[in-house]
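The values are calculated or read from the model by the stated rules, or taken from the named source; none is laboratory data. Everything quoted here is computed from the prediction, not taken from an experiment. With ideal geometry, Cβ positions are generated from the backbone for all residues, glycine too; neighbour counts draw on all protein chains shown.
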Amino acid sequence: MSKKEIDVFELYAEDPEKADRVVFGRVVNPNRRGFLKGAGLATMAAMVGGFIPFHRNMPAGFIPAALAEEPFRISGKDGLTVLNDRPVNAECPPHLLDDQVTPTSRHFVRNNGVPPANVDAAGWKLTVDGEVKSPMTMTIEDLKKKFDVVTLQLQLECGGNGRSFFDPKAKGNQWTVGAVGCSEWTGVRLADVLKAAGLKDSAVYTAHYGADTHLSGDPKKLPISRGVPISKAMDKDNLIAFAQNGAPIHPMNGAPLRLVIPGWPGSCSHKWLTRIWIRDQVHDGPKMTGKSYRVPEYPVEPGEKVPKEAFRIIEAMPVKSLITYPKSGLQLQAAKPMLQVRGHAWAGDSSIRAVDISIDFGATWTKANLRRPRNSHAWQHFSADITFPMKGYYEVWARATDEQRRMQPFAIAWNPKGYLNNSMHRVAVRVV
Ligand SMILES: Nc1nc2c(c(=O)[nH]1)N[C@H]1C(S)=C(S)[C@@H](COP(=O)(O)O)O[C@H]1N2
Ligand SMILES: [Mo]
């Protein structure tokens, strides 16, 4: 096994015992891990690129620096920037999101806990219970047999995408612009399943549960359990999905079964889905309360302390766009100072009515060509042919406007957890 094929950090984050077996050939007492033998030693030697004369001195839980130097890779993902390896969080650089439908290899990963290891798709069960007339437990095969199977392109964006641009810094993953994607998801409609279960009049909110575990290892704690109001849950575009881009879902994107609730913070789209509990009140699971996925209901000063009561749950995500071509830093030859700017735009539960491009710091704007979405809640593609008037430094800015005529701002008001940053994306271009 080469270090290209395995990812030790991911392995250790997911399942330390399995990682030990892979790296050391057996589960090692973590306090006395220093005795590499036989296959374990050979594996380690292959991974670092040579025999390790002093291997007996390697301490417990040791990951060789040679591996730490390698960029952290998530198998099946390509070109993602990893922000954190425990839990695994990775975003896609904007120029690698140029495809109209986001390939699985480029879809961001946002984990709050430890993903389940060795999932069994055939034995997987989903329970729908709570404020329903007929509680149900179904396998994925049952879902496919009982309900219409549909395929939709659905935009998914983390509520914290853009967090890194807040000043003062907000705690959490420092996402730049790439915690967003629009893959093609296949599954059954959440609304159909809820109708079949028969919502009682008392149904108010969904509550989502999955098979990932808390980072602390405490089985009584959940990494995350969020939900949405019934009115949003009944939207026809929400899927209980079992396929991503025509293949099984990537393990880090929630295989074998996940919710895709487009247009709202990605955290509503529960991965490794095992249970949907219908509640008679607003769900209060981990990451539903306090400051999580909530913003103050009034503008606050940067750094200001905001009382808990002033926070409101984030619902639809705001209008936003991403320039996927050119890559920031492009140099154009002055003999041919033209290029086609491309990208995508999306707007929570709304759609995009216009995208405008500026190369003069927002003084003047050029309307981009805009495609209709493939289906509601899919992102929309834009392109514009731009000519630069002379040599020098330019910034290409994109500004999307949604159907309600809300526009992306140049900068947005600060909020304590750094959510909802939909300020305009800018890329640098030099004409030389
Ligand atoms: N079970 C589970 N579901 C989850 C999460 C998680 O940590 N555990 N993270 C949520 C968050 S915060 C986001 S933004 C999306 C990200 O989906 P992705 O990793 O497939 O891109 O998954 C959501 N679903
Ligand atoms: Mo998220």
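At a glance:
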item	result
Any hit, region 69-86, residues being at pLDDT 95 or above and in contact with a Gly (Cβ under 9 Å, 6 or more places away or on another chain)	no
Residues located in region 354-369, provided they are part of a strand (DSSP E or B) and surrounded by fewer than 20 Cβ atoms within 10 Å (Cβ to Cβ)	354, 358, 366, 367, 369
Qualifying strands (runs of 3 or more DSSP E) (wholly inside region 263-353; at least 3 residues being more than 28 Å from residue 99 (Cα to Cα))	273-279, 294-296, 311-313
Count of region 244-262 residues which are away from ligand 1 (no atom under 13 Å from the Cβ) and not in a loop (DSSP other than H, G, I, E, B)	2
Odd one out for residue 367, checked against (1) more than 27 Å from the chain's Cα centre (by Cα); (2) within 16 Å of ligand 2 (Cβ to nearest atom)	(2)
Residue count, region 263-281 (criterion: within 12 Å of ligand 1 (Cβ to nearest atom) and under 13 Å from the mean Cα position of the chain (by Cα))	8
Selection status of residue 326, more than 10 Å from ligand 1 (Cβ to nearest atom), over 20 Å from the mean Cα position of the chain (by Cα), of a type outside the set (Lys, Arg) and within 24 Å of residue 417 (Cβ to Cβ)	no
Count of region 87-119 residues which are part of a loop (DSSP other than H, G, I, E, B) and either modelled with pLDDT of 95 or more or of a type in the set (A, V, I, L, M, F, W, C) (or both)	14
Set 197, 247: member being touching a Pro at 6+ places or on another chain (Cβ under 9 Å), more than 16 Å from ligand 2 (Cβ to nearest atom) and among the small types (Gly, Ala, Ser)	197
Qualifying positions in region 148-169 - more than 16 Å from ligand 2 (Cβ to nearest atom) and crowded, with 19+ Cβ neighbours inside 10 Å	152, 153
Some residue of region 218-225 being at pLDDT 95 or above, crowded, with 24+ Cβ neighbours inside 10 Å and in a loop (DSSP other than H, G, I, E, B)	no
Pair list, Cβ < 7 Å and 6+ apart or interchain, from region 273-302 residues that are assigned by TED's automatic domain parsing to the domain that holds residue 251 and among the acidic types (Asp, Glu) to residues that are away from ligand 2 (no atom under 16 Å from the Cβ) and at pLDDT below 95	297/310
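Per-residue answers, yes or no, for (1) in contact (Cβ under 8 Å) with a residue 60 or more places away in the chain; (2) under 26 Å from residue 372 (Cβ atoms); (3) within 15 Å of ligand 1 (Cβ to nearest atom); (4) in a strand (DSSP E or B):
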position: 159; (1), (2), (3), (4): yes, no, yes, no
position: 167; (1), (2), (3), (4): yes, no, no, no
position: 175; (1), (2), (3), (4): yes, no, yes, no
position: 182; (1), (2), (3), (4): yes, yes, yes, yes
position: 185; (1), (2), (3), (4): yes, yes, yes, yes
position: 194; (1), (2), (3), (4): yes, no, no, no
position: 201; (1), (2), (3), (4): no, no, no, no
position: 209; (1), (2), (3), (4): yes, no, yes, yes
position: 232; (1), (2), (3), (4): yes, yes, no, no
